[in-house]
Amino acid sequence: MESNENVAGEAEFVCEIARHQGALHAFIISMIPGLDGVEDVLQETNIVLWNKRGTFEPGTNFRAWAFSIARYKAMNHRQKRARQGMEVLSDDLLELLSSEFEERADQVDDRVRALEKCLRRLNTPEMDLIEQRYYSGTTMDHLAERSNRSLDSLRVTLFRIRAALRKCINAELALTGLNS
């Protein structure tokens, strides 16, 4: 019987991690300029969450606990980059950004859900361009070369797609009464 409770508890914990992935990802992005290292920090955060699952008290604020671990991992990432001679945010600015993000986390969740809806409405070429630019981190120069388009033309297209997404997100939030 104990093992069934343990399995149920672990399944519940996995659901909590999955439920907060979007917010954790956005939180980490808010602390790490650019996309370099975001996925690594998210993965490291998930590993720590899993390894420390026995210390989490059900009924307490999972998101706050997960964000504190993500903050620690992001700060470690920042320190590694600083040691490599890369330009990084100051500790004070990082703390300010993470505090501000935590205060607005619910709003971010709503915006992320709206963004996901809006992304599904893009046509295939638009979605391919968004995926190549923002998910795979392909440079604008490389995208322009690969698509046989000028850099300026590509920038204008991405600007228009982002503007359409912004408008769609605001419309989605207004429909649900969440636009602020």
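The table that follows gives values for the structure above.
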{"item": "³J(HN,Hα) computed for each position of segment 37-52 - Karplus, 6.51 cos²θ - 1.76 cosθ + 1.60, integer Hz, glycine/proline x", "result": "x, 4, 5, 5, 5, 4, 4, 4, 4, 4, 5, 5, 4, 5, 5, 9"}
{"item": "Calculated from backbone phi, Karplus (6.51, -1.76, 1.60) coupling profile of segment 144-150 in Hz, x at Gly/Pro", "result": "4, 4, 5, 9, 6, 10, 6"}
{"item": "Accessible area of residue 161 in the full protein assembly, 1.4 Å probe (Å², nearest 10)", "result": "10 Å²"}
{"item": "Residue-by-residue Karplus 3J(HN,Hα) for segment 161-173, coefficients 6.51, -1.76, 1.60, Hz, glycine and proline x", "result": "5, 4, 5, 5, 5, 4, 5, 5, 4, 4, 5, 4, 5"}
{"item": "Taking segment 18-90 and dividing mean pair separation by its residue count, relative contact order in percent (alpha carbons under 8 Å, at least six apart)", "result": "35 percent"}
{"item": "Estimated FRET transfer efficiency (residue 80, residue 151; beta-carbon r; R0 35 Å; 0.05)", "result": "0.65"}
{"item": "Mean separation of Cα contacts under 8 Å, 6 or more apart, over the residue count of segment 109-180: relative contact order %", "result": "44 percent"}
{"item": "Partner lysines for residue 167 [C-alpha distance under 21 Å; skip if fewer than 8 residues away on the same chain]", "result": "117"}
{"item": "Accessible area of segment 105-169 divided out per residue, in Å², using a probe of 1.4 angstrom", "result": "67 Å²"}
{"item": "Sequence-distant lysines (8 or more away, or on other chains) whose Cα lies within less than 21 Å of residue 73", "result": "52"}
{"item": "Extension reserve of the residue 93-residue 160 stretch, reckoned as 0.36 nm per residue once the Cα distance is removed", "result": "21.0 nm"}
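The values are calculated or read from the model by the stated rules, or taken from the named source; none is laboratory data. Small disclaimer: the values here were computed from a predicted structure and weren't measured. Backbone-built Cβ (ideal geometry, glycine too); neighbour counts: all protein chains shown. Heavy atoms of the whole protein, side chains included, go into the accessibility calculation; ligands, DNA and RNA do not. Shrake-Rupley method; radii C 1.70, N 1.55, O 1.52, S 1.80 Å.
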